[in-house]
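The values are calculated or read from the model by the stated rules, or taken from the named source; none is laboratory data. Since we're looking at a predicted model, the values are computed, not measured. All Cβ positions, even for glycine, are placed from backbone atoms using ideal geometry, and neighbour counts span all protein chains on display. We work out accessible area using only protein heavy atoms, side chains counted, and drop any ligands, DNA or RNA first. Shrake-Rupley method; radii C 1.70, N 1.55, O 1.52, S 1.80 Å.
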Amino acid sequence: MAVNGEMLLGNRAVTGSGAPEYAQNPATGERIEPAFRGASKGDVQLACNLAASAFDACRNTSIEKRATFLETIAEEILALGDALVQRAIAESGLPQMRIEGERGRTMAQLKLFASVVRSGRWLDVRVDPPMPDRAPLPRPDLRVRHIPLGPVAVFGASNFPLAFSVAGGDTASALAAGCPVIVKAHPAHPGTSELVGKAINTAANKCSMSEGVFSLLFGGSHELGADLVANAAVKAVGFTGSRAGGLSLVKVAANRPEPIPVYAEMSSINPVFLLPNALSEKAASLAAGFVGSLAMGAGQFCTNPGLIIGLAGDALSAFIKSASASLTESPAQTMLTENIHRAYKDGVGEWSASHAVDEVATGLASTEPNRCQARIFSTTAAQFLNDDSLGNEVFGAAALIIQCESTDDFVAIAEKLEGQLTATMQLNNDDLQLAGRLLPVLERKAGRVLCNGYPTGVEVCHAMVHGGPYPATSDSRTTSVGSAAILRFLRPVCYQDLPAALLPAELEDENSLGLPRLVDGSYQS
């Protein structure tokens, strides 16, 4: 399938009317053809109108049809073959193995949500039969199910051109819920986005889905994103990106005549606490695991371990020495965009210029464009606790080691942290008492608490939580990865004393769909 610089307005592939924009190969700095022209206000309105018109048909599709649609999208993405892989490599600078793995993850997410849809558990059907003879007042017939919110605007992420982009987790979970989706493609990988968007369109046609179930818009302006979020047809937003970008969308959504939820994943430094006994026992292996996680993919993961907390002493010195030896051999890697590389250089530059911070180790340099030279810095607990700027995220392969005077500093640092996607404790059995002190704090601060691992690598499964308190996300009650992500785009509706002829199929007495249900307080299937 060719890349033509076309966005999708329902079933129509069209060229935008904005100024021409081009993808850039971050590894070489070369411009990649063709040009992509941004959507106009009229294009945004048309995409939203189509989504609004399609909504009732989409939400009333059968469970099987909706699940088949998701599986067909996965098949069509695979059918794009090497053209998709090579275009994604060119636009992101990521290696082929990473892109192929991400394609597999994207397909796995779609298939996971197909299985979620078929299970029917997301409907959360509950039936409380009437009690006409109950005293002092009778109970009416009450039944509840979940229905989709409405059309969802999804913003593609820069760091995952497939798995968090056009057909990524936000799109998959919204479609699974029965919501039409309008995607604003990330400007860093428009060709990849066009290919995946057309795969979704092909799947929609094969499955006879309503026109408007999916649209794809191009354009890098903030105004375009704001227009999309402000449109009355849009009922929820999925976003992965910077804190500034996420908060700007939250503000637009809150100021609408009808405010809507924005599920924004924004920033996290993912602290790793090296508890004293584990650190004394295995400083070298902990250091190797840390550097491997830090440098993976040039550190361009939202779960990158950016903060290491340890007790000052021989064991931490050994950890730092071992980590430094590994990092100095770490090759410079291509960052996703020129802007991301510039922000990384600015972030490590601020640490380098700070009197509160010492540079510990630097990775190998490169003269090629947009290369991330990995860095490790060090500071004391007292300095960290007195300087809020040291808790800022530096997106890329850079980390700050905090040297503590006592284990009380561990708890104080945990209390000072902003909301995080993850928090990790490296421990052994002799550290359990300290871990017990830390755990209640980390539960308040993070969406995922790990022991004896590193946070990079987010499993797509039922039990995963990829979210956390602000500013990790704009809504700590949700996850953007895993089967629970569908809940973001649903709301409950209760039906009281409806005649049997008007009841939705999910709520009928005979339960012909075989759905799991809570009936008068007891679970049935």
Rounded to the nearest 0.05, what FRET efficiency is calculated for D133 and E64 with R0 set to 45 Å and r the Cβ-Cβ distance?
0.65
Amide H to amide H, which residues 5 or more places from L275 or on other chains are under 5 Å from it, using H placed in the peptide plane?
Q426
Q524 and K416 label points (each 7 Å along its Cα→Cβ direction) are spaced in nm at 5.8 nm
Taking 0.36 nm per residue of separation and subtracting the Cα-Cα distance, what length does fully extending Q96 through S512 add?
145.1 nm
On the first, second and third principal axes, largest extent first, how far apart are the outermost C-alpha atoms of segment 261-310 in Å?
46, 22, 10
Could you compute how fast segment 173-297 diffuses translationally, taking Rh as the Kirkwood radius over C-alpha pairs and applying Stokes-Einstein at 25 °C with viscosity 0.890 mPa s? Give it in µm² per second.
138 µm²/s
Quick check of the Kirkwood formula: for segment 27-146, what is the inverse mean of 1/r over all pairs of different Cα atoms, in Å?
19.1 Å
What the 10 Å binned alpha carbon P(r) of segment 455-518 shows, as percent of pairs per bin from 0, is 17, 32, 23, 20, 6, 0
Of K184/K235; K41/K184; K184/K206; K321/K445; K345/K416; K111/K184, those spanning more than 18 Å from alpha-carbon to alpha-carbon:
K184/K206; K321/K445; K345/K416; K111/K184
Take the Cα of C461, step 7 Å along the line toward its Cβ, and report every residue of segment 160-183 whose backbone nitrogen sits under 16 Å from that point.
none
What nm distance separates the two modelled labels at M1 and Q45, each placed 7 Å from Cα along Cα→Cβ?
3.0 nm
Once amide H atoms are built 1.01 Å from N in the peptide plane, which residues 5 or more positions from I401, or in another chain, come under 5 Å H to H?
I308, F377, S378, T379
At q = 0.07, 0.09 Å⁻¹, what log₁₀ I(q)/I(0) does a Debye calculation on the Cα points of the chain give, no solvent, two decimals?
-0.43, -0.69
What is the spin-label model distance, in nm, from D358 to L502 if the labels are put 7 Å beyond Cα along the C-beta direction?
7.5 nm
Working out 0.36 nm times the residue gap between S285 and A108, then minus their Cα-Cα distance, what length gain in nm do you get to one decimal?
60.5 nm
Of the heavy-atom accessible surface of the chain (probe 1.4 angstrom), what whole percent is carbon and sulfur?
52 percent
Hey, can you find the accessible area per residue of the chain for me, probe 1.4 Å, expressed in square angstrom?
40 Å²
Treating each Cα of segment 129-244 as an identical point scatterer and ignoring solvent, apply the Debye formula and state log10 I(q)/I(0) at q = 0.18, 0.22 Å⁻¹.
-0.88, -1.26
Distance in Å, no decimals, from the C-alpha centre of segment 87-130 to the one of segment 410-447 is 30 Å
Could you sort 136-147, 109-120 so that the peptide with the highest average Cβ count within 10 Å comes first and the rest follow in order?
109-120, 136-147
Ignoring solvent entirely, what values of log10 I(q)/I(0) come out of the Debye formula for segment 244-388 at 0.09, 0.12, 0.17 Å⁻¹ when each Cα is a single scatterer?
-0.36, -0.60, -1.03
Dividing the convex hull volume of the alpha carbon atoms of segment 413-525 by its residue count, what do you get in Å³ per residue?
171 Å³
Using θ = phi - 60° and the Karplus form 6.51 cos²θ - 1.76 cosθ + 1.60, what ³J(HN,Hα) does each residue of segment 348-358 get, whole Hz, x for Gly and Pro?
6, x, 5, 5, 4, 7, 7, 6, 8, 10, 10
